[in-house]
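The values are calculated or read from the model by the stated rules, or taken from the named source; none is laboratory data. The structure presented is a predicted model; accordingly, all values stated were derived computationally and were not measured. Every residue, glycine as well, gets a Cβ built from its backbone with ideal geometry; the counts of neighbours run over all protein chains shown. Note: areas computed on protein heavy atoms with side chains; ligands, DNA, RNA excluded. Shrake-Rupley method; radii C 1.70, N 1.55, O 1.52, S 1.80 Å.
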Amino acid sequence: RPPATMAGVSGQVVYTKQPSAGNCAGRTVDLELWGRLNTALACSDFDASQQTLEDEELAVQIEVKDARRRASLPKLFLDGFELIEVPKAQCMPQDWLENKAEARRLAEAAAVDLVKVATGCTEAVAFDATWRSSARGNRDSSLGPGGRGANLSAAVSRVHADYTRESALRKISELVKLGTIPEAFGKQAEGRRAIVNVWRAFGAGETVQEAPLCLMHPKSMSIAGTEPFPYSLVHGTRAGINASVAYSDAHEWWHFPAMTKNEAILFYNFNEQLESPMPHGVFHSALMTPAQDGRPPRLSLEVRVIARWE
């Protein structure tokens with residue numbers, strides 16, 4: 001584990017403003033991004049004649065605390081996120097970008113194992129893997145290395161959670177119908193379900209130097225009294241739904257500085273057991289810090305895993 005050398009860091013994230021009455025927060029996306037989004041997010045029909053998209057943003061400088069220096073390290077079941085060491089046998093090969101199919105297979109297997117160990121769940125299945133580069137354009141797939149042909153998403157500096165409660169439940173139903181996950185995941189009975197994001201960064205230097213992942217502590221949302229609202233990513237007549245939240249200076253942000261390829265952050269995208277007003281997924285963002293010119297871009301891979309308990 002690299003040494004904790006700073007008490008915290010400041011940087012910029014972008015919040016989405018609450019939309020006007022009758023409108024919905026969101027934006028249109030190009031075909032290439034849609035092709036990557038629709039496997040991860042829950043999708044629904046979108047009628048532009050009935051719904052007006054609104055995408056007003058607020059760029060904010062935030063102070064982010066060093067989670068490595070916390071008296072008690074964050075734990076998934078208490079804080080919504082946790083840093084875990086990846087076993088050496090499950091570390092990604094150096095040529096992972098040249099053989100993405102094999103890299104995905106290894107990463108998904110490792111993610112499932114990590115989630116099982118961290119949660120003690122009865123069963124876990126990986127259903128999506130997304131590669132990202134901070135050198136890519138978030139709103140235009142033609143920007144950044146590889147152009148439109150690159151199977152690389154951008155680092156997202158918009159504060160978001162991957163699902164609302166409703167869209168997470170819809171995604172689980174979609175996955176059951178597709179046969180991606182067993183039917184047992186579709187039953188709410190006496191068990192519970194969660195979607196866990198396993199986030200790893202590697203491939204651009206020994207440690208993450210640019211656009212690190214920062215995470216909002218879920219309890220600070222309750223203190224702030226801010227409620228999540230849906231955000232639609234629209235292509236044609238279809239929309240993928242994730243969640244936004246309005247800015248509050250009561251939001252508490254954390255990160256794990258200088259992450260290595262031997263580490264992974266696990267955080268909840270959805271946790272069926274959590275009660276309102278606790279949000280069901282952890283809000284997060286890439287952090288844009290000063291003087292990033294000349295640093296190697298951040299390359300990362302996130303695997304979404306659905307888990308269930310009996």
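Filter region 29-47 down to the residues that are surrounded by 12 or more Cβ atoms within 10 Å (Cβ to Cβ) and out of contact with any helix residue (DSSP H, G or I) (no Cβ under 9 Å at 6 or more places or on another chain) and list them by number.
Passing the criteria: Leu33, Trp34, Gly35, Arg36, Leu37, Asn38, Thr39, Phe46.
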>> Please pick out the residue among Ala59, Ala103 that is small (Gly, Ala, Ser) and either more than 30 Å from Cys24 (Cβ to Cβ) or assigned to a loop (DSSP other than H, G, I, E, B) (or both).
In response: Ala103
>> Can you name every one of the strands (runs of 3 or more DSSP E) wholly within region 180-262 that holds 1 or more residues which are surrounded by 24 or more Cβ atoms within 10 Å (Cβ to Cβ) and aliphatic (A, V, I, L, M)?
In response: 192-201, 213-216, 238-244
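Open to solvent by less than 10 Å² (accessible area, probe 1.4 Å) and within 20 Å of the chain's Cα centre (by Cα): is that true of Asp162 in this structure? It would help to see each step written out before you state the result.
Working: open to solvent by less than 10 Å² (accessible area, probe 1.4 Å): yes; within 20 Å of the chain's Cα centre (by Cα): yes.
Criteria met by Asp162.
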> Does Gly149 satisfy the condition of being of a type outside the set (Lys, Arg) and over 20 Å from Pro212 (Cβ atoms)?
Replying inline: yes
> Pick from region 75-102 the residues that are at pLDDT below 80, open to solvent by less than 70 Å² (accessible area, probe 1.4 Å) and of a type outside the set (A, V, I, L, M, F, W, C): which of them is farthest from the chain's Cα centre (by Cα)?
Replying inline: Pro93
> Scanning region 66-80 for residues that are charged (D, E, K, R) and in a loop (DSSP other than H, G, I, E, B), which turns out farthest from Asn271 (Cα to Cα)?
Replying inline: Arg70
